[in-house]
Amino acid sequence: MNTRERFRATCAFEPLDRPIRFEAWGFWQETIKRWHGEGLPEAVIDSIFTAPDYFGFDKLSWLPICANTDYEVGFFPTFTEEVIEKTDAYTIMKDIGGKTVKVFSDGRSTIPHYLDHPVKNIADLEELKWRLDPETPERFTALLDAMIALAEGFGENTFSAALVCGLFGTLRHLMGLKNLSVATRRDPALIHTIARHWAFMNATLVKKIRRKTTVDFVFLWEDMAYKNGPMISPAAFQEFMAPYYRELIGSVRADTDIENFCVDSDGDVTLLIPLFMETGVNMMLPFEVQSGMDILKVRREFPSLVIWGGIDKRALFHDEGDIRREVAGKVPAMLEKGGYIPSIDHNVPPEVSLENFRIFLDVIRTIEK
């Protein structure tokens, strides 16, 4: 099987020659820096290209909806970055998403501290909506063309994802979590207005990308849960998110051959899984173990959900015995049921040695045979 066939067969719960090899979603920069001192070639510098290639991952080609999108909402043009205050300890700046953010000046990996967000009311939204126009001709820049050319250079030995900032992610970027929570009671019309435009804009953009190249799945970044559960209630999900997820997925499925829609959320997403599935989502990741996620339990409760991840990264902190026990306790059973891509439950942190990560890959790939 080639990579595209293997991925699509995984999503369809069909027999495989071997599972998709994509055993980690990324690597902290501190991890890569540590590993350079443990024998990792200096040329391996990032989580998108060099590290996956070096470790023998299957090719995953990312197709962003505009330049510099990353997990931002898809502004085009983006805001211009502006440093407001800089000290030896921290930097306060306006980022490409129009947010005011405080970060460590040394660039260490951490969750940013947001001080302000661009949308507080409908007037703010209308003022910046021109940046969210899916028909702007210049939106599809050289970056997307380069990523498409790279993906098509791999032929069928890649699988491709249209990268979309999810609805909750978009609302949080535009409004901030506190303001969003307050608006569910005080200004629900603003949330619905943003959500309607989110569905229209991203459905339009995904279709445009599909007309340019093959898309194997739509990747929706959300990160909408903590250790103790989701950031919004199931009732709020049904009111503010479900209709627009259905609209987006229904529109894309009606006009393209894209069948797979994957939601990325950290934390305990147990309450959200059936709600997402009802809207048409058929894949989720990364199932953080330290937040209580148990992929064996999720498989029993949701037999048709494609599961990606769920291997406790903390097992890689210790010794080979811990790694083997964690893998053996989950991976064989999950592969037997199908619809599973083995991976640790988040990026690889710097507590993991290069030797332990190599052991982890060897253990996983031996079980696959």
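So that you can scan it fast, the table gives a plain yes or no per residue for (1) outside the structural domain of N347 (by TED's automatic domain parsing); (2) over 23 Å from I191 (Cα atoms); (3) among the β-branched types (V, I, T):
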position: K86; (1), (2), (3): yes, yes, no
position: I96; (1), (2), (3): yes, no, yes
position: T100; (1), (2), (3): yes, no, yes
position: V103; (1), (2), (3): yes, yes, yes
position: D106; (1), (2), (3): yes, yes, no
position: D124; (1), (2), (3): no, no, no
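Yes or no: segment 291-303 includes at least one residue that is under 22 Å from N347 (Cβ atoms), in contact with an Asp or Glu (Cβ under 7 Å, 6 or more places away or on another chain) and surrounded by fewer than 23 Cβ atoms within 10 Å (Cβ to Cβ). Outline the logic, then answer.
Start the filter on segment 291-303 by keeping residues that are under 22 Å from N347 (Cβ atoms), which leaves 291-295, 298.
Right, trim to in contact with an Asp or Glu (Cβ under 7 Å, 6 or more places away or on another chain) and you get 291-293.
Now narrow it down to the ones that are surrounded by fewer than 23 Cβ atoms within 10 Å (Cβ to Cβ): 291-292.
Yes; the residues of segment 291-303 include at least one that is under 22 Å from N347 (Cβ atoms), in contact with an Asp or Glu (Cβ under 7 Å, 6 or more places away or on another chain) and surrounded by fewer than 23 Cβ atoms within 10 Å (Cβ to Cβ).
List the helices (runs of 4 or more DSSP H) that sit entirely inside segment 265-344 and contain at least 2 residues that are of a type in the set (K, R).
Passing ranges, in order: 295-301, 320-328.
Restricting to segment 17-40, name every residue that is over 23 Å from E288 (Cβ atoms) and either of a type in the set (F, W, Y) or buried (at least 17 other Cβ atoms within 10 Å of the Cβ) (or both).
The first filter runs over segment 17-40 and keeps only residues over 23 Å from E288 (Cβ atoms), leaving 17-18, 33, 36-40.
Once the filter is applied, which keeps residues that are over 23 Å from E288 (Cβ atoms) and either of a type in the set (F, W, Y) or buried (at least 17 other Cβ atoms within 10 Å of the Cβ) (or both), segment 17-40 yields only L40.
Do any helices (runs of 4 or more DSSP H) entirely within segment 151-255 hold 2 or more residues that are in the same structural domain as H346 (by TED's automatic domain parsing) and crowded, with 23+ Cβ neighbours inside 10 Å, and if so, which? Spell out how you get there, then give the answer.
On the way: elements: 167-175, 177-186, 188-212, 234-240, 242-255.
Counting at least 2 such residues, we get 167-175, 188-212, 242-255.
Whether any residue in segment 147-162 is under 26 Å from D257 (Cβ atoms) and among the hydroxyl-bearing types (S, T, Y) is what I want to check. Don't jump to the end; show me each part of the working.
Step one: list which residues in segment 147-162 are under 26 Å from D257 (Cβ atoms), which gives 147-162.
From what's left, among the hydroxyl-bearing types (S, T, Y): 158, 160.
For segment 147-162, residues under 26 Å from D257 (Cβ atoms) and among the hydroxyl-bearing types (S, T, Y): present.
The values are calculated or read from the model by the stated rules, or taken from the named source; none is laboratory data. Keep in mind that this is a model prediction, so the values were computed, not measured. When we count neighbours, we look across all protein chains shown, and the Cβ atoms used for this are built from the backbone with ideal geometry, even at glycine.
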